[in-house]
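A short reminder: the numbers here are calculations on the coordinates, not readings from a lab. Being a predicted model, the structure only gives us computed values, none of them experimental. With ideal geometry, Cβ positions are generated from the backbone for all residues, glycine too; neighbour counts draw on all protein chains shown.
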Amino acid sequence: MSYEKEMAEKLAKGESHADKLDISLLKYLWDASPVSYLTSKETYHDFFKKISVLSSFTDNEVRLFTKFLHRREFQANEVVFRQGDTGYGFYFIFAGAVNIYTNHNREANDQGDLVIKLEKRQYFGEMGLLEEFNRRTATAVAAENTILLGIFKPDLEQMLELHPVLGAKFLRETALIMANRMGQLTKEIVGLKKKIKEIEQRI
Amino acid sequence: MNRNQKIKLSLFLFLLTVAVIFAIVFPRLTMPFGFSYIIYLISKPLTIRLTTGSKKQRLSYFLMILVASLFLVIPVVATLYNVDTDFVSFKTEISQAQKVLQDKFFAFKIKVFEEYGFKINIDPISFIMTKLEGLGSDLLGQFPNYLSVLFEWMLLVPLFLYFFFVESQDLSRDLLEAVPNPIFEKSYVLFSQFNTKFGEYIIAKFIEATILGTIVTLGLLVIGFPYAFILGLLAGITNILPYIGPILGVVPAILIAFLSKDPNVSMVGMLVVFSLANLIDMILVFPLLVSKIVNLHPVIVVVSIIIGSQLAGIVGMIVIIPFIAFFKLLFKEIYKDLSVHL
């Protein structure tokens with residue numbers, strides 16, 4: 001049945017129908033539709049749908065979630081944040097890549113030791129969103145021209161106020177990210193302890 | 001900071017300066033804009049309550065704008081309706097007050113002469129009354145100008161309110177894109193904190209003024225003091241100014257008690273009502289509502305009010321407090337950052 005026929009029947013029966021066109025919803029549906037794959041441009045919807053930790057979000061939740069994000073563009077070698085800075089936000093890499101360094105020395109202009117190179121669809125800085133007085137534990141530098149999608153403390157507060165269910169869901173996912181990181185850390189600590197024991201036994 | 005970042009930062013600072021100059025040069029736009037922003041902040045918690053999980057967002061915004069506009073329109077209509085009779089009664093009351101004051105001053109002059117043999121030759125009452133009458137005529141002469149400004153506000157305030165309710169979130173997000181990367185995180189969070197603090201302060205002061213105004217009105221009604229509603233309203237409004245406000249609020253009531261010939265009008269009773277209302281405010285309302293938000297030393301508050309009044313009159317006296325609280329927050333943040341990096 002065509003949309004027009006359906007609406008005409010609903011009107012005839014006196015049933016409720018959409019009283020206005022929600023342009024942002026139509027725009028979102030257009031972006032999310034398979035037709036949009038014909039263009040090479042990736043939409044925020046496609047991007048977040050491919051991020052595993054946010055996979056539990058419904059299409060509408062993804063649409064609402066993107067309203068709280070800030071798009072930030074960084075040139076190659078531009079610093080996103082420095083070790084010791086106060087942290088307020090959580091970043092998703094929409095395009096490009098980010099290098100994470102520790103033992104960064106601002107005075108000597110030394111970026112420090114490269115810990116990891118994060119690629120597209122990876123994320124970093126989640127502690128900044130949750131902790132009250134967070135200090136960045138590493139320096140993040142754009143490895144190439146990079147687009148980041150950031151969400152910050154005021155956005156989270158606003159999300160919890162305006163869309164409490166979405167806010168709670170996002171917090172749960174962020175807690176999951178933290179739990180995964182904790183799990184990895186525990187594994188690394190166990191591995192390191194094992195190595196120390198081996199070295200001690202050899203000595 | 002590389003060359004590109006420096007250009008971005010300079011451009012951003014240039015835009016910011018232009019915006020500040022625009023705000024100073026066009027106060028006829030800035031004032032209703034600021035007023036609308038204050039109304040938006042006061043109604044924000046209610047709007048959030050109405051719109052959370054609701055699909056009738058536009059209807060809620062429309063209702064809020066309608067209520068705020070009515071608050072603006074009703075006083076204007078009431079003023080216009082009574083302007084001629086009010087002016088006549090103002091002139092009669094001024095001449096009556098002049099007579100009473102002159103009688104009292106004459107009695108005082110005779111008493112001084114009888115007791116100390118000193119003759120007072122000055123006549124301050126006529127001087128003050130001539131000034132007051134002049135002020136009244138000036139106000140009436142300026143009335144068409146005030147009226148045109150009010151009509152302008154009646155048009156602009158609902159428009160700005162619509163902008164704040166519906167568009168401000170998207171627009172501020174677009175504007176934030178212009179903020180250079182090195183200062184983005186910090187400035188965004190500080191800007192949000194300032195907004196929250198400013199909003200909380202305005203709401204707290206609004207509630208505090210309502211509570212104090214209600215206590216004064218009820219108290220004055222109980223003791224049978226005239227003009228209880230107007231005096232309560234005045235006490236509420238002046239209470240927005242910390243420390244100076246309570247004194248300003250009681251002055252009209254003292255004048256009425258002093259000039260009144262009615263034996264039922266009690267100066268002591270009125271002073272007890274005002275003291276009680278201010279005591280409740282100082283002991284209960286202020287510590288619970290306002291002090292946690294601003295948390296500034298009394299000396300800083302008084303100095304800030306004087307600076308605020310010099311910069312922007314009564315509006316400056318009111319809004320300077322959250323600004324100072326924000327600067328305190330800003331310096332704390334900068335200090336915290338410096339202590340980490342040094």
Karplus-derived 3J(HN,Hα), 6.51/-1.76/1.60, for each residue of the stretch A:90-96, Hz, glycine and proline x: 10, 10, 10, 8, 7, 8, x
Pick from B:G141, B:G117, B:G224: which residue has the top mean-square fluctuation in a GNM of chain B where Cα pairs under 10 Å get a spring? B:G117
Where nothing but the Cβ of Lys and Arg (+1) and of Asp and Glu (-1) is charged, how large is the charge dipole of the stretch A:99-175 around its Cα centre, in debye to the nearest 20? 180
Based on the alpha-carbon gyration tensor of the stretch A:88-203 and its eigenvalue square roots a ≥ b ≥ c, which shape applies: rounded if a/c is under 1.5, prolate if not and a/b is larger than b/c, or oblate? oblate
What does the stretch B:217-309 give for Rg and for Dmax, in Å, if only its C-alpha atoms count? 14.7, 45
Gaussian network model of chain B, Cα springs within a sub-10 Å range: biggest mean-square fluctuation belongs to which of B:V285, B:V299, B:V315? B:V299
Average other protein chain Cβ within 10 Å of Cβ, residues B:181-190: 6
Whole number please: convex hull volume per residue, Cα atoms of chain B, in Å³. 214
Give me a single rounded figure for A:147-154: the average over its residues of other chain Cβ atoms within 10 Å of their Cβ. 3
Once you've got the GNM for chain B with C-alpha springs shorter than 10 Å, pick whichever of B:I21, B:I48, B:I244 has the biggest mean-square fluctuation. B:I21
